[in-house]
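*Asks:* One structure, as structure tokens, below. Some questions next.
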């Protein structure tokens, strides 16, 4: 029996368990850094499959590392499992979690035969945009000693190399001075005006941004009552750009817009966050090629090379991993259109038969990709030498 056949046979044995795991996570959504149930269920399943499991790694209670195999090539498979506020698993992290666990269990069946060590890294809080669990895990050494990393993310379509852009997420707080809005407006400092000026400045700035730049946000506090000059206002904002270098440029321009609001009104400005940006993704071309070929062998279809792609830019902390280790983050189609990520309808789509099939296909494609990486001498040697491509 070939290594790939052995991995598939092992995956077939846990297919129903993976679907049940995905459904359980879907039905019990937990926000970032609070994923006690989800991380526990994943760790338990991997422990039962013979993995050495370390829970609460890197001082993150809902992070874990589960390792098996003794081969020289050490591959990380990232599992995400946090949900979105209000709309639950509308980004399909339940599918990611199940497919990543399935990929690891499948690859584990032949790991020693092909020279692999497999680690599942349970990465909390991908949706907590001001920190990103993978950023903290990288900083604290969770990926040390590994040669490559991978995961597959549900989407409306299959794409081997999803355009992942850099992003910075932050809170904006203005502090002014309250006063009676009719009787003594001259005694107040209007923090709502400050944020209005900032938003207007950003609107005017858009003419001078690159087509790939994005600035977007919401006002989370605009004041307390219409007859009180607002003393405190807040907003959540994001700045995105194609690369980290581009991001630094546009971020500086946006900060000047917020400073303008403070300068014009006399309010004080505080920025919280923004110091741990999500990086752009640098896909390993060889790994992406293996993944696409393996997924196509299972009947999945991808955009024609050189032709238009349906994939639109998004951001994830997997980009930070890709700047440290050769990595891939392909899109895994779940046949959900017109529903798209971060819609309630997408959450519903992550527990359909198409999504359940995607769990299996994604798991097997990732497992086969790990086997290809270990079995192709020039790729294996490049990764062992710590060289990306």
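Bear in mind that the values in this text are calculations on the coordinates, not laboratory data. Nothing here was measured: the structure is a model prediction, and the numbers come from that model. For neighbour counting, all protein chains shown are included, and Cβ atoms are generated from backbone atoms with ideal geometry for every residue, glycine included.
*Asks:* Given Cα pairs under 8 Å that are at least 6 residues apart, what percent is the relative contact order of region 238-389? Before the final figure, lay out each step's value.
*Replies:* Working: 111 pairs, mean separation 38.1, N = 152.
Normalised by residue count, the contact order of region 238-389 is 25 percent.
*Asks:* Helix-derived [θ] at 222 nm for the chain: sum -39500 (n - 2.57) over DSSP H runs of at least 4, divide by residue count, nearest 500?
*Replies:* Value at 222 nm, helices only: -13000 deg cm²/dmol.
*Asks:* Angle between the Cα long axis of helix 244-265 and the longest principal axis of the chain, 0 to 90 degrees, nearest 10?
*Replies:* The angle comes out at about 20 degrees.
*Asks:* If I model a spin label at residue 9 and residue 228 as a point 7 Å from the Cα along the Cα→Cβ vector, what separation in nanometres do I get?
*Replies:* Placing both labels 7 Å along Cα→Cβ, they lie 7.1 nm apart.
*Asks:* Working from the pairwise distances between different alpha carbons, so that the mean of 1/r is found and then inverted, what is region 295-389's Kirkwood radius in Å? Each step should come with its number before you reach the end.
*Replies:* Working: mean 1/r = 0.0637 Å⁻¹.
Radius from the Kirkwood sum: 15.7 Å.
*Asks:* Taking springs between alpha-carbon atoms closer than 10 angstrom, which of 231, 104, 191 fluctuates most in the Gaussian network model of the chain?
*Replies:* It is 231.
*Asks:* If I take all pairs of Cα atoms in region 44-169, what percentage of them are more than 20 Å from each other? Mind dumping the intermediate values first?
*Replies:* Numbers: 3565 of 7875 pairs.
So the portion of pairs separated by more than 20 Å is 45 percent.
*Asks:* Which semi-axes, in whole Å and largest first, does the equivalent ellipsoid of region 104-253 have when worked out from the alpha carbon gyration tensor as the square roots of 5 times its eigenvalues?
*Replies:* Values: eigenvalues 420, 68, 33 Å².
Ellipsoid semi-axes (Å, largest first): 46, 18, 13.
*Asks:* Quick one: give the max-minus-min coordinate of the C-alpha atoms of region 86-158 along each principal axis, largest first, in Å.
*Replies:* Each principal axis gives a Cα extent; for region 86-158 these are 45, 31, 18 Å.
*Asks:* Now for a different question. Going by the alpha-carbon gyration tensor, a ≥ b ≥ c the square roots of its eigenvalues, is region 1-87 rounded (a/c under 1.5) or, if a/c is not under 1.5, prolate (a/b greater than b/c) versus oblate? Present the calculation step by step, with values, prior to reporting the outcome.
*Replies:* On the way: a/c = 2.44, a/b = 1.43, b/c = 1.71.
In terms of gyration-tensor shape, oblate.
*Asks:* If you average the sequence gap of Cα pairs under 8 Å that are 6 or more apart and divide by the length of the chain, what percent do you get for the contact order?
*Replies:* On the way: 900 pairs, mean separation 90.5, N = 389.
The normalised contact order for the chain reaches 23 percent.
*Asks:* Given points 7 Å out from each Cα along the Cα-Cβ axis, report the residue 204 to residue 275 separation in nanometres with one decimal.
*Replies:* That separation, rounded to one decimal, is 3.1 nm.
*Asks:* How much of the DSSP bridge set in the chain is antiparallel, in percent, rounded to the nearest 5? Walk me through the intermediate numbers first.
*Replies:* Details: 38 of 55 bridges.
Approximately 70 percent, going by the DSSP bridge assignments.
*Asks:* OK, next. Please report the spacing between the Cα centers of region 282-305 and region 222-260 in Å, no decimals.
*Replies:* The two parts, judged by their Cα centres, are 39 Å apart.
*Asks:* Average the reciprocal distances over every distinct pair of alpha-carbons in region 207-310, invert the result, and give the Kirkwood radius in Å.
*Replies:* Values: mean 1/r = 0.0561 Å⁻¹.
Across region 207-310, the inverse of the average 1/r is 17.8 Å.
*Asks:* Would you mind estimating how fast region 1-43 diffuses translationally, via Stokes-Einstein at 25 °C and 0.890 mPa s with the Kirkwood radius over Cα pairs, in µm²/s?
*Replies:* Details: Rh = 12.0 Å.
For these conditions, the coefficient is 205 µm²/s.
*Asks:* Taking 0.36 nm per residue of separation and subtracting the Cα-Cα distance, what length does fully extending residue 36 through residue 301 add? Don't skip to the answer; put the middle values down first.
*Replies:* Working: separation 265, 0.36 × 265 = 95.40 nm, distance 3.58 nm.
That pair, residue 36 and residue 301, stretches by 91.8 nm at full extension.
*Asks:* Averaging over every viewing direction, what projected area does the convex hull of the Cα atoms of the chain cover, in nm²?
*Replies:* Averaging across all directions leaves 20.0 nm² for the Cα convex hull.
*Asks:* Report, in degrees rounded to the nearest 10, the 0 to 90 angle that the Cα long axis of helix 36-48 makes with the longest principal axis of the chain.
*Replies:* Long axis of 36-48 versus the principal axis of the chain: about 10 degrees.
*Asks:* Suppose R0 equals 45 Å; then what is the FRET efficiency for residue 385 and residue 59 from their Cβ-Cβ distance, rounded to the nearest 0.05? Could the numbers behind the result be given before it?
*Replies:* Values: r = 31 Å, r/R0 = 0.70.
It comes out at approximately 0.90.
*Asks:* Further, regarding this structure: Pulled fully out, how much extra length does the chain show between residue 184 and residue 324, if you take 0.36 nm times their separation in residues and subtract their Cα-Cα distance? Let's see the in-between values first.
*Replies:* Details: separation 140, 0.36 × 140 = 50.40 nm, distance 5.70 nm.
Length gained, residue 184 through residue 324: 44.7 nm.
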